[in-house]
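In what follows, a single structure is set out as C-alpha cells and then discussed.
None of the figures in this text is laboratory data; all of them are computed from the coordinates on show. Keep in mind that this is a model prediction, so the values were computed, not measured. In this analysis, Cβ positions are derived from the backbone assuming ideal geometry, glycine residues included, and neighbour counts consider all displayed protein chains.
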Amino acid sequence: MDGIAPANRGPAKLIISVVAMLCLAAVIGSALVSSVQAQVSVSNLLEYRLGNLPDTEPSNLTTFYDQLDIYYRTGGLTGHVKLEQFQGIDDDISFSEMVQRSLKFESRGFEIEVGNFNEMLGRGLLFRSYELPGVVLEDLGFRTRYGAYRDMEGVALRYSGPWIELKAIRGKPLRNDLPPGLGFDAFRRSTTIEAVQVDLVAIDGFDLGGVYMRDNPETGTMGEQEFVEYGSLFLEGNLPRDIHFYTEYASSGGSEFSFFDLSDDSPHALYSGADVSMGPVGLSLEYKDYNDFLLGYNDPPTLIREHFYVLLNRSSHLLIPVNESGWQAEAFYTSDSGHNVTINLTEARNKLFKEYLYKEFFLEAQYLISEELSIKGFFDSSEEPLSQEFDRLAGGLNVEAEGPGQWAGILDLEYQAFDRVLGPDEQKVKNYVARVTLTRSPDLSAGLIWERSTDPFETDDPATPVRETESRNWVGASVGYQYDKNHIISIFYGKRRGGPACESGICYQVLDFEGLELRINSTF
C-alpha cells in the first residue's frame, strides 16, 4: 500500500458532516415551505461475513460492511446522504466515508440537484449513471467490499413542460472499478462531463431530441485539459396499430470523420428498436452498431436478453462497445388461460483482433396446471467464441406449487453443456444447478442450492502443480425472515459459486464464497 494516501476514516467527522447536511436542508426547507411538515426516512444494509474464498486461508476471515442512506424531505426539497463503512482484516483496506450527499429542489416543472445524482441521456449511448440496490461489489485485489453504484458528482438542471424537456448536467462521473477509501479519489473521478439534452414533442406522439456533451479529461502533470466533444440525435414515436419505435445515433464531434460516418474507423453508436402488441402476441426487434465508443461513463443498450435462470445469466454475453454490432428479436404469446411462450433470437458481431460472432436461440414456455401449480421450462442454444465456448446447450425446469395455508414451494433444475476449444485441446464442460425453496407468506423463506461443474477453469487449483479434473461442487443453504415491517434478516451458509452476474442491463463480477453471511435490511 506504499504511495497511497490513507483514507479519512474518522467516524466523528462523518457524523458532523451528516448533521451539517441535515441542518442545512432543514434551514432551507423551513425558509421555503414553512407550512409543510418535514419527513426523514432511513434505509440501511448491514452485512457480516465469516468466511473467505474457497480453499483460501484464513478460512475464518471476518468482514463487516454497512451502507446507510438518509433522506430529508420537505415540500419540494430533498436532501440525501449515503455513508459506507467496511472493516476488513487489515486497516489499510478498511474505510468509513460519506460517499454521496445531495440537495434537490423541485418546483413547477423545474428541478435543480447539487451533489451526487444519477442521470441518463437518451438511452445511455453517451451517458448513464446508476445504482443497483442491495448489490455489494468485492475487489479481488484489495478484497474490499463496496456498493454497486456509478454516480455523477456535480449539478443537474431539469425542466419538464408540455412540449419540451430539458436536461443540463456538469460534474465528475465515478469509476466504480476502483474501491473507495484507499486513496484513489483523484483517479475515481478523473474527468469532467458537461452535457445538455433537448427533447421536443414535435407533433402528438412523436419526440425529437438531441444531446451535446463535452468530456474534459485531466491530462499531464499540470492538470492541462483537452476537450472531447460528442453529440447525439434521437427520435421516438408511436405509429398506428400500437407500434412504438426509438432510434438514437451518437458520434464524436470535431474528429477527422463526419458525424454520420458509420465506418469501422469512426467512433459512433447507433441503436434502433421497435415493438408492437397485438392482443395476446407481442413482437420486438432491435439493432445496434457501436464502434470505438467505450467512454467509461456510458452504457449503451446491450441487446442481450437478461435471463432469470442462474446458468444463462452467468453465461451472458458482455457488451464490447469498442466494436460490436448485431440485433435481437423477440416474440411472445399469452393465452387467455395465462399460458405463455417466449422466443428470442440474438446475434452480436465483434471485430477485434479477428471477427467473433455470438449467437443465441432461447425458448421458454409456461403452463398453468391449476391456480396452485405452474410449470415452466426453457431451452437455450448459443455460441460464445470470445470465451471459446461452442455448441453451448442448456435446458431447465421451474415448478411452483402453493400448499395449505400460506406455504409454497419452488423447484429449479438447470443443465448446461458446451465445448471449449483452447488451441489443440477441446474440453467438454457440464454445469448443473438444483435449487429448492420453501416459503411461508409473508415473512419466511428457506432454500437449498447445489451446483456442480466439470469446467477445468473451476476444478483446477492453480496453487498446485497437479491439474485437478474432479468435478467441483457448491452446496449452500439460505434463510430469509421478515422480523417486522422495518427489518428483513437473511442468512447464507455453505459454498456459493461466483462469476458474472447481470441486473438491469449492468453486469458485474461476483467472487466465490465459503462460510457464513448475515444480512439485515432496515427501513425507517
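Give me a comma-separated list of calculated 3J(HN,Hα) values for region 198-213, in order, Karplus coefficients 6.51, -1.76, 1.60 applied at θ = phi - 60°, integers in Hz, x for any Gly or Pro.
Residue by residue, region 198-213 yields 10, 10, 10, 7, 4, 9, 4, x, 10, 10, 10, x, x, 10, 10, 9 Hz.
Sticking with the crude label model, points 7 Å out along Cα→Cβ, report the distance from ILE203 to ILE410 in nm, one decimal please.
Output for this residue pair reads 4.7 nm.
I want the local charge near LEU368. Using Cβ-Cβ distances under 13 Å, sum +1 for each Lys or Arg and -1 for each Asp or Glu among the other residues. Each step should come with its number before you reach the end.
Numbers: positive: LYS376; negative: ASP336, GLU371, GLU372, GLU400, GLU402.
Taking every other residue near LEU368 into account, the sum is -4.
Ranking request for peptides 42-49, 469-476, 80-87: highest mean number of other beta-carbon atoms within 10 Å first, then the rest in descending order. Please list the in-between numbers first.
Values: 42-49: 16.6, 469-476: 14.5, 80-87: 21.8.
Top to bottom by mean Cβ count within 10 Å: 80-87, 42-49, 469-476.
Can you work out ³J(HN,Hα) from phi for every residue in region 426-442, in order, using Karplus 6.51 cos²θ - 1.76 cosθ + 1.60 and θ = phi - 60°, giving whole Hz and x for Gly and Pro?
Going residue by residue, I get 10, 9, 8, 10, 10, 10, 10, 9, 9, 9, 10, 10, 10, 10, 10, 5, x Hz, with x marking Gly and Pro.
Please go through region 366-471 and write out the trypsin sites (Lys or Arg not before Pro) that DSSP classes as loop and that have at most 12 other C-beta atoms within 10 Å. Walk me through the numbers on the way to the answer.
Numbers: sites: LYS376, ARG392, ARG420, LYS428, LYS430, ARG435, ARG440, ARG452, ARG467; in loops: ARG467.
Here the trypsin sites (Lys or Arg not before Pro) that fit, given the DSSP loop and packing criteria, are ARG467.
Starting from the alpha-carbon convex hull of region 395-515, give the projected area averaged over all orientations, in nm². It would help to have the intermediate numbers written out before the result.
Numbers: hull surface 42.0 nm².
The orientation-averaged projected area of the Cα hull of region 395-515 comes to 10.5 nm².
Give, in nm to one decimal, the length gained when the segment between VAL341 and VAL466 is fully stretched (0.36 nm per residue of separation minus the Cα-Cα distance). Each step should come with its number before you reach the end.
Values: separation 125, 0.36 × 125 = 45.00 nm, distance 4.73 nm.
Taking VAL341 through VAL466 to full extension adds about 40.3 nm, to one decimal.
Which number do you get for Rg(Cα) / (2.2 N^0.38 Å) in region 280-329?
1.32
Roughly how many whole Å is it from the C-alpha centroid of region 138-165 to that of region 335-365?
30 Å
What's the long-distance tail for region 296-353, i.e. % of Cα pairs beyond 19 Å?
Working: 747 of 1653 pairs.
Result: 45 percent of Cα pairs exceed 19 Å.
For the pair LEU352/ILE375, report the inter-label distance in nm, with labels modelled 7 Å from Cα in the Cβ direction.
Modelled inter-label distance: 4.1 nm.
Quickly work out the PHE110-to-LEU363 label distance, labels modelled 7 Å from Cα along the C-beta direction, and quote it in nm with one decimal.
That separation, rounded to one decimal, is 5.9 nm.
Would you mind putting 241-250, 503-512 in packing order, based on average other-beta-carbon counts within 10 Å, highest first? If you can, show how the numbers build up before the last one.
Details: 241-250: 17.5, 503-512: 15.3.
Going by the mean number of other Cβ atoms within 10 Å, highest first, we get 241-250, 503-512.
Give me the number: length gained by fully extending ARG175 to ARG440, i.e. 0.36 nm times residue separation minus the C-alpha to C-alpha distance, one decimal in nm.
91.3 nm
Show me 328-337, 99-108 ranked by packing, highest mean number of other Cβ atoms within 10 Å first.
Numbers: 328-337: 13.7, 99-108: 17.2.
Ranking, from highest mean packing down: 99-108, 328-337.
Once the piece of chain linking ALA401 and MET278 is laid out straight, how much longer is it, given 0.36 nm per residue of separation minus the C-alpha distance between them? If you can, show how the numbers build up before the last one.
Numbers: separation 123, 0.36 × 123 = 44.28 nm, distance 3.09 nm.
That pair, ALA401 and MET278, stretches by 41.2 nm at full extension.
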